[in-house]
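Input: a single structure, listed below in structure tokens.
The values are calculated or read from the model by the stated rules, or taken from the named source; none is laboratory data. Everything numeric here is computed off the predicted structure, so don't read it as measured data. Here Cβ is always computed from backbone atoms with ideal geometry, including for glycine, and neighbour counts include all displayed protein chains. We work out accessible area using only protein heavy atoms, side chains counted, and drop any ligands, DNA or RNA first. Shrake-Rupley method; radii C 1.70, N 1.55, O 1.52, S 1.80 Å.
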Amino acid sequence: MSTDNRYYDVIIIGCGAAGIAAGIELQEQSSETKFLILEARHRIGGRAWTIDSDIFGFPIDLGASWIHHYSPTNPFYRYHQQLKIDEEEIIDFEDHSCCSLFIDYDGEKIPSNVSYQANRIGENLIELLNDYKEVEINQDKSVEEVIKEKYDQIKDEQIKRYVDFFLSKLEYYEASNISKLSAKYWNSENDTIQCNIALKSGYGNFLTQIATQLHQLPIQLDTIVNSIDTNDPIYIYIHTSNSIVYKCKYVLITVPLGCLKIHTIEFKPQLPEWKMQAIISMGYGLMNKIVLQFSSNFWGNNITQIHHASRDTRGIFRYIISTPKSNILILFVVDHFAHELEELTDQEIIEHVMTFLRKIFPHVTIEQPLKFQISRWSNDKFSCGSFSNFPVNANQQTVKDLARECSEGRLHWAGEHTNYGNSIGCVDSAFESGQREAKKLLKKLNIK
Ligand SMILES: Cc1cc2nc3c(=O)[nH]c(=O)nc-3n(C[C@H](O)[C@H](O)[C@H](O)COP(=O)(O)OP(=O)(O)OC[C@H]3O[C@@H](n4cnc5c(N)ncnc54)[C@H](O)[C@@H]3O)c2cc1C
């Protein structure tokens, strides 16, 4: 072990959106603040990860891809304007234009009268949830429990399948299951589906440009933090995988909630009980992407989205986006199904997908894909899942506790899961949380 003899005011752990935002804030507000960002991976951006254009011919996001809540109040708005990235796509996730296919398990188009009926039932179920949010002050139940009685009254198999299709949309947004999600807080900020833009050069690349071109932040890559020791009243000692010990006054921890849940970092002394409880109580879901490139487009020249109603298990391969000109399909999978797939080999996953595609496009011959990429966010030890959500009995206080400093105010916390009072789970949520904590730290350092 060697010690980095420099003494930092702040060390930020993790160089995803939250760590980058905190770094920018510290840098912009004071040239005197000595800070460093330690990042475990060989790249920055965390769960916003764009893979190289030489694989598919253009960049593909394996993690976050849409800038949600795109408006002048979004922290990314100014960067998007500044970097003049004008190649953008505006996405409506439930686009009902001719660019979307809504298909049944066997490839038949969902009849409009049936989908109309199912949507109405689905909306009534959402109404029940909205009523529950308003009326039940203290009690919480799962989304499934609240809608169960009405849901069980649906007798027609086909309608039930489309109601499931409707409900699985909600499970996709939360990367979880309605049996786990809180009826009071699921989708507590429900405008996520509006104003979404995807940058053709990729969200991960966008963050990298911000951190390295516009701001030249001090980032130490390939540095896994193993433990944080606050026993000494003056210095905090950070032990890393490359045998360097860093010393600082304050630490800002931005590692994903999934990593905190399985204790990838050891805290000496242990974190207080209330912090541990918040880490346990908050939900953390799984979403993965399976990207396939074919020799030809067999799904239709103008089709950019495919929505599928599964017959077997709700939500299986519910949502697929396509870039028809490049013959690419991107399948989204969440929750149980995503976990199951992660345990399979790449070849087994591809076989699974091919069986599915041949079933929903029974009248065409589908060759094996030429190229593919599969994310595995759960087995990735620096993410351990995809993004947070509210399970039963988690609430805004849980998020506040995740954000609250501890160890006599020396350990600060940011990340999408700490963004109380606003959206959680998104890249802009993470960015806002990083800005928030940096402002607090600057105050403590008497800089602002
Ligand atoms: C498949 C998928 C799709 C998504 N789609 C969208 C979307 O379209 N739009 C959207 O807004 N959001 C989306 N999200 C969510 C979004 O990616 C995250 O909410 C956001 O990127 C989180 O940022 P963060 O800074 O909190 O965490 P991260 O980006 O995870 O950053 C944390 C950093 O900490 C590092 N780290 C972890 N452990 C250690 C350690 N021990 N030592 C040092 N460093 C460590 C990690 O490597 C990482 O770089 C998606 C996520 C996934 C997985």
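Can you bin the range 216-285 into rounded, prolate or oblate? Criterion: square roots of the alpha carbon gyration tensor eigenvalues sorted a ≥ b ≥ c, rounded for a/c under 1.5, prolate for a/b above b/c, oblate for the rest.
Cα axes put the range 216-285 in the oblate bin.
What distance in nm separates the two pseudo spin-label positions at ASN422 and ASN5, each 7 Å out from Cα along the beta-carbon direction?
4.1 nm
Heavy atoms only, probe 1.4 angstrom, no DNA, RNA or ligands counted: give me LEU357, LEU128 ranked by accessible area, highest first.
LEU128, LEU357
Roughly what would the spin-label model give for LYS84 and TYR116, points 7 Å off Cα along C-beta, in nm?
5.0 nm
Based on the Cα gyration tensor of the range 238-334, what are the three equivalent ellipsoid semi-axes, each the root of five times an eigenvalue, rounded to whole Å and given largest first?
They are 43, 19, 10 Å, listed from largest to smallest.
Counting only the heavy atoms of the protein chains, how much of VAL364 is accessible to a 1.4 Å probe, in Å² to the nearest 10?
Result for VAL364: roughly 60 Å² accessible.
How big is D, in µm² s⁻¹, for the range 1-152 by Stokes-Einstein at 10 °C and 1.306 mPa s if Rh is the Kirkwood radius over C-alpha pairs? Write down the numbers at each step before the final one.
On the way: Rh = 21.3 Å.
After rounding, the answer is 75 µm²/s.
Relative contact order for the range 31-186: what percent, with Cα pairs under 8 Å and sequence separation of 6 or more?
17 percent
Say we join alpha carbon atoms closer than 10 Å with springs in a Gaussian network model of the chain; which of ASN138, ASN389, ASN379 then has the biggest fluctuation?
ASN138
Sorted from largest down, what three extents in whole angstroms do the Cα atoms of the range 5-94 have along their principal axes?
The principal-axis extents, from largest down, are 51, 32, 23 Å.
If GLU144, GLU157, GLU408 are ordered by their accessible area, calculated over protein heavy atoms with a 1.4 Å probe, which sequence runs from highest to lowest?
From most exposed to least exposed: GLU408, GLU157, GLU144.
Post the alpha-carbon centroid distance, the range 307-336 to the range 160-186, in whole angstrom.
16 Å
How large, in percent, is the carbon and sulfur part of the accessible surface of the chain at a probe radius of 1.4 Å?
Result for the chain: 49 percent of the exposed heavy-atom area is carbon or sulfur.
Name the residue, out of THR304, THR254, THR365, whose mean-square fluctuation peaks in a Gaussian network model built on the chain with Cα pairs under 10 Å.
Between THR304, THR254, THR365, it is THR365 that shows the largest mean-square fluctuation.
Grab the Cα-Cα distance for ASN138 and SER296, subtract it from 0.36 nm times how many residues apart they are, and report the gain in nm with one decimal.
Extra length from ASN138 to SER296 when fully extended: 51.4 nm.
Which shape class, rounded, prolate or oblate, goes with the range 197-241 when its Cα gyration tensor gives a ≥ b ≥ c as root eigenvalues, a/c under 1.5 marks rounded, and past that a/b bigger than b/c marks prolate?
Taking the square roots of the gyration eigenvalues as a ≥ b ≥ c, the range 197-241 is prolate.
Read phi for every residue in the range 238-247 and hand back ³J(HN,Hα) as whole Hz from Karplus 6.51 cos²θ - 1.76 cosθ + 1.60, θ = phi - 60°, with x for Gly and Pro.
So the J values, rounded to whole Hz, are 10, 9, 10, 5, 8, 6, 9, 9, 9, 10.
Sorting check: for 428-434, 32-38, which peptide has the highest mean count of neighbouring beta carbons within 10 Å, and how do the rest follow?
Descending packing order for the listed peptides: 428-434, 32-38.
Quick check for you: with a 1.4 Å probe and neighbouring chains kept, what is the accessible area per residue of the chain, in Å²?
On a per-residue basis, the chain sits at 44 Å².
Under 17 Å from the 7 Å Cα→Cβ point of GLN368, by amide nitrogen: which residues of the range 315-352?
Residues 345-352 fall inside that zone.
Using the structure shown, select from LYS133/LYS400; LYS180/LYS440; LYS109/LYS141 the pairs with a Cα to Cα distance greater than 24 angstrom.
Details: LYS133/LYS400 20 Å; LYS180/LYS440 34 Å; LYS109/LYS141 35 Å.
Violating the 24 Å limit, Cα to Cα: LYS180/LYS440; LYS109/LYS141.
Suppose we look only past 18 Å in the calculated P(r) of the range 322-375. What percent of the Cα-Cα pairs does that tail hold?
In whole percent, the share of Cα-Cα pairs in the range 322-375 beyond 18 Å is 35.
Starting from the 7 Å offset along Cα-to-Cβ, what nm value, one decimal, do you get for the label separation of ASN446 and THR73?
Placing both labels 7 Å along Cα→Cβ, they lie 3.6 nm apart.
From the P(r) of the chain, can you give the percent of Cα pairs sitting at distances over 28 Å?
Summing the P(r) tail past 28 Å for the chain gives 52 percent.
Enumerate the calculated ³J(HN,Hα) couplings along the range 115-121 in order (Karplus 6.51 cos²θ - 1.76 cosθ + 1.60, θ = phi - 60°), each rounded to whole Hz, writing x wherever the residue is Gly or Pro.
Calculated HN-Hα couplings, in order: 5, 4, 4, 5, 4, 5, 5 Hz.
Tell me the net charge near LEU221. Cut-off is 10 Å between Cβ atoms, LEU221 excluded, with +1 for each Lys or Arg and -1 for each Asp or Glu.
Value of the local net charge: 0.
Is the range 321-448 rounded, prolate or oblate when judged by the Cα gyration tensor, a ≥ b ≥ c being the square roots of its eigenvalues, rounded requiring a/c under 1.5 and prolate requiring a/b larger than b/c?
prolate
Using only protein heavy atoms and a 1.4 Å probe, report how much of ILE137 is accessible, in Å² to the nearest 10.
It works out to around 120 Å².
Report TYR116's accessible area, 1.4 Å probe, all protein chains in place, as a number in Å² to the nearest 10.
140 Å²
Ordered by residue, what ³J(HN,Hα) values in Hz, to whole numbers, does the range 166-171 give under the Karplus form 6.51 cos²θ - 1.76 cosθ + 1.60, where θ = phi - 60° and Gly and Pro are x?
Values, residue by residue: 4, 5, 5, 4, 5, 5 Hz.
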